[in-house]
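Notes to accompany the following structure.
The values are calculated or read from the model by the stated rules, or taken from the named source; none is laboratory data. Here the structure is a predicted model, which is why all the values come from computation and not from measurement. Neighbour counts run over all protein chains shown; Cβ positions are idealised from the backbone, glycine included.
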Amino acid sequence: MIRLQTPVEDRDTKVKISPEDRTIILGSCFADNIGRKIKEIGFNVCVNPFGTLYNPASISRAVDRLASGKPFTEDECRMMGSGARLVCSFSHHTSFARKTVQEFLDNANAALAEASGFFRDCSRMIITLGTSWCYRHTGDGLIVSNCLKRDAKEFTRERLAVDETVRLLRHITGDGRRKTVFTVSPIRHLKDGAHGNQLSKAALLLAVDEVCSDSGNCDYFPAYEIVMDELRDYRFYAEDMLHPSLQTVDYIWERFRESVVPEKDREKVRDMEKAYRRSLHRPNLVL
């Protein structure tokens, strides 16, 4: 039979995640997709409490904030550009933006308080790295999570080197109290150029490999390779030809389930999925 795919070999990860484990999920919009999927079926998770994060430096800073629980203050607030007339911070995705400083702080700090409490007792992390490219604010030297549509002259663009990414990932995993599954997002950042995107992903993959090779508390799940090699046809992408389709997210979840969920829990998780699907088809009751 002619092979029409290059299958990515399945393997059990050394880090396992059960539905009952308290799991924090941080990273790119691919983390949002998988996080939403497993939260819907009943996993005990907290997903991106600062909104979508793309680069390792921003994710590392988010982990520090979760650990400290230090509330955001007015001096961290920034007005968004491009006439948005909304308030946000360089630590948040623009989905957190609000009309006033107080509205932003109330929302951001409520999310932080809840997530920080969850983080202190969690035993697992899923970290999805999106890009090595980042933007540093020239005023305070901070690598930002989002440029907030402000003037490009306020930022310098740089790519994190492999050794710096290794340092950041080791900081994220910390003392090993929390076991971590790393993934690299298959979503291409073509605004960096096709070659720039490849360099970025390669740097992330090399850094994750180095960190996981010398630690028993973290491992890598090959979402990037599955999409790039096994699902390389554009029918597995959304209309923008960059983001994975819903079918692809479902497929990656199935592969994730068979690699990361302990074997003793897999049947239970399949039953949870079936129960969730049934809940979506309940007939409306006429009173």
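Selection of region 123-174 for residues being among the polar types (S, T, N, Q) and within 30 Å of CYS212 (Cα to Cα) yields SER123, THR128, THR131, SER132, SER145, ASN146, THR165, THR173. Would a scan of region 73-89 turn up a residue that is surrounded by 15 or more Cβ atoms within 10 Å (Cβ to Cβ), part of a helix (DSSP H, G or I) and modelled with pLDDT of 95 or more? The answer is yes; a qualifying residue exists. Residues that are without any contact (Cβ under 8 Å) to a residue 40 or more places away in the chain and in contact with a Ser or Thr (Cβ under 6 Å, 6 or more places away or on another chain) within region 46-76 comprise just one, GLU76. Take the conditions of a type in the set (Gly, Ala, Ser), touching a helix residue (DSSP H, G or I) at 6+ places or on another chain (Cβ under 7 Å) and under 19 Å from LEU205 (Cβ atoms) and apply them to ALA57. Does it pass? In short, yes.
Go over the candidates ARG22, ARG36 one by one and state the one that is modelled with pLDDT under 95 and within 30 Å of ARG270 (Cα to Cα). Going through ARG22, ARG36 in turn, just one is modelled with pLDDT under 95 and within 30 Å of ARG270 (Cα to Cα): ARG36. State the number of residues belonging to region 159-195 that are of a type outside the set (Lys, Arg) and closer than 19 Å to GLY216 by Cβ. Residues meeting the conditions: 12. Say whether the condition of being surrounded by 20 or more Cβ atoms within 10 Å (Cβ to Cβ), over 23 Å from VAL162 (Cβ atoms), at pLDDT 85 or above and not polar (S, T, N, Q) is met by at least one residue in region 187-204. No. Inspection of region 4-23 identifies no residue that is touching a His at 6+ places or on another chain (Cβ under 9 Å) and not in a loop (DSSP other than H, G, I, E, B). Taken together, the residues in region 92-118 that are part of a loop (DSSP other than H, G, I, E, B) and in contact with a Gly (Cβ under 9 Å, 6 or more places away or on another chain) amount to 2.
Beta carbons closer than 7 Å, at least 6 apart along the sequence or on distinct chains, pair a first residue in region 136-150 that is among the small types (Gly, Ala, Ser) with a second that is outside any loop (DSSP other than H, G, I, E, B) for GLY139/GLU154; SER145/SER58. Across region 183-198, a minimum of one residue is classified as part of a helix (DSSP H, G or I) and under 18 Å from the mean Cα position of the chain (by Cα). On the given criteria, is ASP192 among the charged types (D, E, K, R) and in contact with a strand residue (DSSP E or B) (Cβ under 9 Å, 6 or more places away or on another chain)? Criteria met by ASP192.
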